[in-house]
Amino acid sequence: IKLYELREHIGLVTQENQVFHDTIWNNIRYSKLESTPEEINRAIILTGLDGFIEKAEDGALTLIGDRGNTLSAGQRQRIAIARAILKDSDILILDEATSALDSESEGEIITNLQDLYEDKTLIVISHRLSTIQQVDEVIYLDEGRVLEQGTHEELMEKKGHYWRLFRKQLIA
C-alpha cells in the first residue's frame with residue numbers, strides 16, 4: 001500500500017489546527033470539496049458549532065481571519081473536528097483535539113464521535129482522563145512504554161498509575 005493511499009483512510013485532529021482565511025463553511029468543506037450542504041451541516045451540529053454560527057454576523061459564511069485569529073482555540077478545534085467528520089475516514093486520531101473545550105462540550109463531541117465511529121477506529125490521545133472514560137480500551141503510556149491497559153473500570157479497580165492520575169485530576 002502506498003503512503004498516500006494509507007493517508008486517505010486516516011483522519012487526524014491535533015491540538016493546534018490550521019484554519020484558512022476563508023469562511024467557516026469553506027474551512028469545514030476543505031476536507032471533502034464535493035460534500036453536500038447536508039453533510040456539512042451535520043458536521044457543524046455534531047461538533048456544536050451551530051450555536052456559534054447562529055450568533056456570527058454572517059453565519060457559516062463569516063470570514064475567518066488569517067490563521068483563525070478571530071476564533072477561539074476551541075472554535076478552531078471544533079472546525080478541525082468537523083472537517084474530520086466530513087472526511088469520514090476509517091481511522092480517526094484525536095491528539096489532544098478537544099483540549100481547549102470545556103468538559104461538557106468535550107464529552108458531547110466525544111460521544112458523537114463514538115457513535116459515528118462505532119464500526120471504525122477512533123483513537124483518542126488525551127491527558128485529560130475525563131475525555132476517555134467511555135472508550136473501549138485505555139492504554140496508559142509513559143515515555144512510550146505501555147504501563148497499563150484495559151477499560152476505565154478495570155484500570156480504576158487495579159489502583160495503579162491510571163487510578164492515581166485520575167484521582168489527582170479529580171482533586172485538582
inquiry  = So the check is Cβ under 7 Å with 6+ separation or different chains; which pairs have a first residue in the range 79-104 that's in contact (Cβ under 8 Å) with a residue 12 or more places away in the chain and over 18 Å from LYS32 (Cα atoms) and a second one that's assigned to a strand (DSSP E or B) and among the basic types (Lys, Arg)?
reply    = none
request  = Could you list, in sequence order, all residues of the range 104-127 that are in a loop (DSSP other than H, G, I, E, B) and touching a helix residue (DSSP H, G or I) at 6+ places or on another chain (Cβ under 7 Å)?
outcome  = SER126
message = Restricting to the range 143-161, name every residue that is in a strand (DSSP E or B), surrounded by 14 or more Cβ atoms within 10 Å (Cβ to Cβ) and more than 23 Å from the chain's Cα centre (by Cα).
response = GLU148
query = LEU101 is checked against (1) in a loop (DSSP other than H, G, I, E, B); (2) aliphatic (A, V, I, L, M); (3) more than 13 Å from the chain's Cα centre (by Cα) and fails just one. What number does that condition carry?
reply = (3)
task = Output yes when any residue across the range 32-49 is free of Cβ contacts under 8 Å to residues at least 40 places away in the same chain, part of a helix (DSSP H, G or I), more than 18 Å from the chain's Cα centre (by Cα) and over 20 Å from ILE93 (Cα atoms), and no when none is.
result = yes
message = List pairs: first residue in the range 153-166 and over 10 Å from TYR140 (Cα atoms) and in contact (Cβ under 8 Å) with a residue 24 or more places away in the chain, second residue assigned to a helix (DSSP H, G or I) and not hydrophobic (A, V, I, L, M, F, W, C) anywhere in the structure, Cβ distance under 9 angstrom, at least six positions apart or on different chains.
response = PHE166/SER130; PHE166/HIS152
task = Kindly indicate the residue of the range 114-133 that is within 17 Å of ALA84 (Cα to Cα), among the hydrophobic types (A, V, I, L, M, F, W, C) and without any contact (Cβ under 8 Å) to a residue 60 or more places away in the chain and also surrounded by the most Cβ atoms within 10 Å (Cβ to Cβ) among those meeting that condition.
result = VAL124
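Read the figures in this text as sums done on the coordinates, not as results from a lab. Not measured: the values here are computed from a predicted model. Heads up, the Cβs are rebuilt from the backbone with ideal geometry, glycines too, and the neighbour counts pull from every protein chain shown.
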